[in-house]
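This report concerns only the one structure given below.
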Amino acid sequence: MVKVPLIKLNNGLSMPALGLGTWQGPPGKEAEVGQAVKDAIDVGYRHFDCAHVYGNEKIIGEAIQDKIKEGAVKREELFIVSKVWNTFHRPDLVEPALQETLKNLKLEYLDLYLVHWPHAFKEGSNLHPIDSKTGLFIPSDVDYIDTWKAMEKVNKKGLTKSIGISNFNSKQIERLLKSAEIVPVTNQIECHPYLNQAKLRKFCSDRGITVTSYSPLGSPSRPWQKPGDPDVINDPKIRQIGNKYGKSPAQILLRYNVQLGNSVIPKSSNKERLLQNLSVFDFELNADDMKYIDTFDCNGRICPQAEDFLTPSYLDMNEHMSHIIDIANAGSVFARQYLPYHLPSAPILLTSQLSRIFPSSWLKRKPASFGGGPPGREDEAGQAVKDAIDAGYRHFDCAHLYSNEKIIGDAIQSKIKEGVVKRKDLFIVSKLWNTLHRPTLVEPALKETLKNLQLDYVDLYLMHWPQGFKEGPEFVPTDPKTGLCIPSDVDYVDTWKAMEELLKKGLTRSLGVSNFNSKQIERLLKSTTIVPVTNQVECHPYLNQAKLRAFCLERGIVLTSYCPLGSPERPWQKPGDLYILNDPKIKEIANKYGKSSAQIMIKYNLQLGNIVIPKSSNKTRITENINVFDFELSADDMKYIDTFDCNGRICPYAECVEHPYYPFKPDVEF
């Protein structure tokens with residue numbers, strides 16, 4: 001049986017450095033949690049992390065009591081944690097909530113009771129009160145300061161030996177400490193190599209508050225996971241370190257957290273993995289490996305509780321995050337709800353959560369909101385093209401979907417007439433949209449694009465996505481019952497054959513694909529007579545596409561990189577979303593070379609051998625983005641930036657995940 005070291009708390013008590021998380025047993029198999037607790041006690045676990053909202057405390061209580069009766073463990077040897085849920089923040093509800101937890105767990109006291117989140121929900125029997133009109137959580141006006149005062153009272157009554165917090169940011173902790181009689185012993189937060197919480201950990205440590213790490217393995221079985229989501233436990237760099245030490249990726253991830261000084265609470269219901277997860281105290285990661293794993297951090301939050309900050313004012317906004325933050329600081333619903341993740345310094349979300357908060361209605365909006373310019377300001381795309389030509393750009397990436405090809409065509413023609421550029425100097429790209437995959441529609445689609453662009457040919461025509469949608473006027477036809485896109489029965493291989501005819505007719509000089517995975521390219525090549533010249537895919541330091549790049553290059557296909565700057569102005573961006581341009585590691589490299597973060601990211605892509613298509617409508621930034629050919633990133637810096645990769649996809653096209661040709665499915669390696 002493994003003996004787990006203890007972490008000293010600020011009240012003189014101790015907490016085991018590793019415990020068992022009990023969140024969510026498999027649906028219909030809740031009893032597995034009870035068996036997992038029994039198995040865990042047998043192999044040496046003494047720390048069990050529970051919560052009222054998990055709905056399984058009765059089962060856990062029965063399992064604990066069974067083991068106590070067997071003589072396998074004594075109550076005083078256990079460290080049992082639970083949490084007060086958001087609907088019980090009102091001070092008069094805190095003690096009854098704890099009493100109910102104690103009754104369910106069949107205990108006289110807890111070792112640690114936490115405030116689960118800093119924001120309160122409307123009180124009542126419904127643990128997730130939702131406004132029927134907006135579909136958003138209904139907040140309570142309770143201040144977590146008042147909740148904490150009630151927590152102090154249950155601590156003084158001996159109902160819990162220690163009290164702490166969970167999911168609090170630094171400003172909330174600072175505010176709490178100004179009026180607290182009892183300092184929280186811990187702050188339980190998400191922590192793993194993609195979100196290592198360095199600043200928050202130091203902040204807590206400086207105040208004598210330990211960190212308890214949840215989701216230390218990246219929560220690989222989370223119910224909201226979508227294809228293409230970050231998957232830290234399968235990160236090849238973690239596997240490589242595991243091979244070095246003769247340990248599993250899970251053991252490396254847990255050991256990393258332990259050496260950060262955190263108490264860690266992985267979850268498993270498999271007895272073999274329970275023992276494996278506990279067996280991390282017989283080795284130590286060396287200092288270089290710890291520093292190397294630190295570099296994997298990309299602010300990759302997996303558990304944002306995203307629905308909690310969806311408010312009507314929030315849904316209406318698609319401007320930069322700072323605009324929302326300003327409103328929050330001015331006293332909006334964000335501040336009233338004490339949301340922990342809207343601060344600029346707070347950790348942020350990965351694409352895993354875009355699929356939860358990406359509004360389906362966005363796909364049905366005015367088509368121009370997809371690409372050309374900000375909604376209502378589509379003319380900016382035309383001016384941007386003119387400014388770009390003046391600055392030296394000759395490659396322009398367009399698409400039927402963006403609904404601005406007429407404006408772009410006018411801009412190009414005006415510059416040709418001015419004598420600034422000739423048609424033969426330009427490289428114009430467009431893309432065939434998904435509703436036009438049927439072979440009979442392919443040529444008419446390109447001819448419409450040529451008419452709009454006022455050109456006789458394009459230099460490159462791409463298949464925008466491998467999946468075809470039901471033909472019709474809607475860009476993304478959706479089933480009213482399921483909200484999912486409606487596929488067509490067209491095979492992209494047949495679409496490609498129709499595209500080959502366009503090349504033969506001289507309507508385009510080259511053909512390519514976009515958003516294709518390796519299996520789809522391989523399948524296409526088996527029946528094609530013309531090999532695609534490029535595959536246009538999302539590529540940036542958080543998603544560097546190393547395997548797909550190698551695969552394509554071996555077949556003579558160049559990658560074109562979209563979102564090379566992380567698409568900071570994407571319309572579906574919400575507060576806390578992935579924002580690579582603010583990555584301090586990128587800024588540090590930029591300072592070294594005397595360049596902007598954007599220039600570093602573009603140069604990184606170019607040195608990977610990619611064609612790069614950054615987007616901007618700002619004349620200064622347009623000029624800045626092209627001035628990247630007067631310096632070179634060193635080999636060491638390229639390798640360093642490579643380590644930032646965390647499968648951080650920003651454009652997952654999540655509504656179309658059920659399509660048979662959806663390219664980002666988990667069974668496709670790259």
Practice item. Scan the stretch 280-291 for residues that are surrounded by fewer than 17 Cβ atoms within 10 Å (Cβ to Cβ) and touching a residue at least 40 places away in the same chain (Cβ under 8 Å) and report the count. Key: 1
**Study point:** Members of the stretch 186-211 that are among the aliphatic types (A, V, I, L, M) and either open to solvent by less than 10 Å² (accessible area, probe 1.4 Å) or farther than 15 Å from Ser166 by Cα (or both)
**Key:** Ile189, Leu195, Ala198, Ile209, Val211
Check your understanding: Mind checking whether some residue in the stretch 578-600 is among the hydroxyl-bearing types (Ser, Thr, Tyr) and closer than 26 Å to Leu502 by Cα?
Key -> no
Revision key, fill the gap. Within the stretch 126-140, residues open to solvent by less than 60 Å² (accessible area, probe 1.4 Å), in a loop (DSSP other than H, G, I, E, B) and either closer than 19 Å to His52 by Cα or in contact with an Asp or Glu (Cβ under 6 Å, 6 or more places away or on another chain) (or both) come out as Leu127, Pro129, Ile138, Ser140
Review point. Does the stretch 407-434 hold any residues that are open to solvent by 10 Å² or more (accessible area, probe 1.4 Å) and within 37 Å of the chain's Cα centre (by Cα), and which are they?
Key: Ile407, Ile408, Phe427
Review point. Out of the stretch 529-544, which residues are β-branched (Val, Ile, Thr) and crowded, with 22+ Cβ neighbours inside 10 Å?
Key: Val537
Check your understanding: Can you spot a residue in the stretch 618-628 that is crowded, with 19+ Cβ neighbours inside 10 Å and among the acidic types (Asp, Glu)?
Key -> no
**Study point:** Residue within the stretch 82-103 that is within 20 Å of Lys267 (Cβ to Cβ), open to solvent by 10 Å² or more (accessible area, probe 1.4 Å) and in contact with a Lys or Arg (Cβ under 7 Å, 6 or more places away or on another chain) present
**Key:** no
Point to revise | From the options Ser213, Ser221, residue that is part of a strand (DSSP E or B) and under 22 Å from the mean Cα position of the chain (by Cα) | key: Ser213
Exercise for review: Looking only at the stretch 501-508, decide whether some residue is assigned to a helix (DSSP H, G or I), open to solvent by less than 70 Å² (accessible area, probe 1.4 Å) and out of contact with any Asp or Glu (no Cβ under 7 Å at 6 or more places or on another chain).
Suggested key: yes
Exercise for review: Take the stretch 630-639 and flag every residue that is part of a loop (DSSP other than H, G, I, E, B) and either at pLDDT below 90 or open to solvent by less than 60 Å² (accessible area, probe 1.4 Å) (or both).
Suggested key: Phe631, Leu633, Ser634
Review point. How do the pairs read when you match residues in the stretch 141-156 that are farther than 13 Å from Ala180 by Cα with residues anywhere that are assigned to a helix (DSSP H, G or I), using Cβ under 6 Å and keeping only pairs 6 or more apart or on different chains?
Key: Val154/Glu95; Val154/Leu98
Review point. Given the residues Gly158, Gly164, Gly208, which is the only one that is under 30 Å from Asp231 (Cα atoms) and over 22 Å from the mean Cα position of the chain (by Cα)?
Key: Gly164
Review point. Do any residues in the stretch 64-87 that are among the hydrophobic types (A, V, I, L, M, F, W, C) have Cβ atoms under 8 Å from those of residues that are open to solvent by 50 Å² or more (accessible area, probe 1.4 Å) and outside any helix (DSSP H, G or I), where the two are at least six apart or on different chains, and which pairs are they?
Key: Ile64/Lys106; Ile68/Lys74
Revision key, fill the gap. Counting only residues that are open to solvent by 30 Å² or more (accessible area, probe 1.4 Å) and assigned to a strand (DSSP E or B), the stretch 155-183 contains a total of 0
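Among the listed residues Asn591, Asn605, identify the single one that is crowded, with 22+ Cβ neighbours inside 10 Å, at pLDDT 95 or above and polar (S, T, N, Q). Let's see the steps before the verdict.
Numbers: Asn591 fails: crowded, with 22+ Cβ neighbours inside 10 Å.
The match here is Asn605.
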Exercise for review: Hey, could you check the stretch 39-81 for residues that are charged (D, E, K, R) and touching a strand residue (DSSP E or B) at 6+ places or on another chain (Cβ under 9 Å) and say which is surrounded by the fewest Cβ atoms within 10 Å (Cβ to Cβ)?
Suggested key: Arg46
Revision key, fill the gap. Checked Lys526, Lys497, Lys519, Lys547 against criteria (open to solvent by 20 Å² or more (accessible area, probe 1.4 Å), within 26 Å of Phe296 (Cα to Cα), part of a helix (DSSP H, G or I) and not hydrophobic (A, V, I, L, M, F, W, C)); the one match is Lys547
Point to revise | Matching residues in the stretch 640-652 - criterion: being open to solvent by 20 Å² or more (accessible area, probe 1.4 Å) and within 30 Å of Tyr393 (Cβ to Cβ) | key: Tyr640, Asp642, Asp645, Arg649
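The values are calculated or read from the model by the stated rules, or taken from the named source; none is laboratory data. For clarity, every value in this text was computed on a predicted model and none was experimentally measured. Cβ: placed from backbone, ideal geometry, glycine included. Neighbour counts: every protein chain shown. Just so you know, the surface numbers come from the protein's heavy atoms only, side chains and all, with ligands and any DNA or RNA stripped out. Shrake-Rupley method; radii C 1.70, N 1.55, O 1.52, S 1.80 Å.
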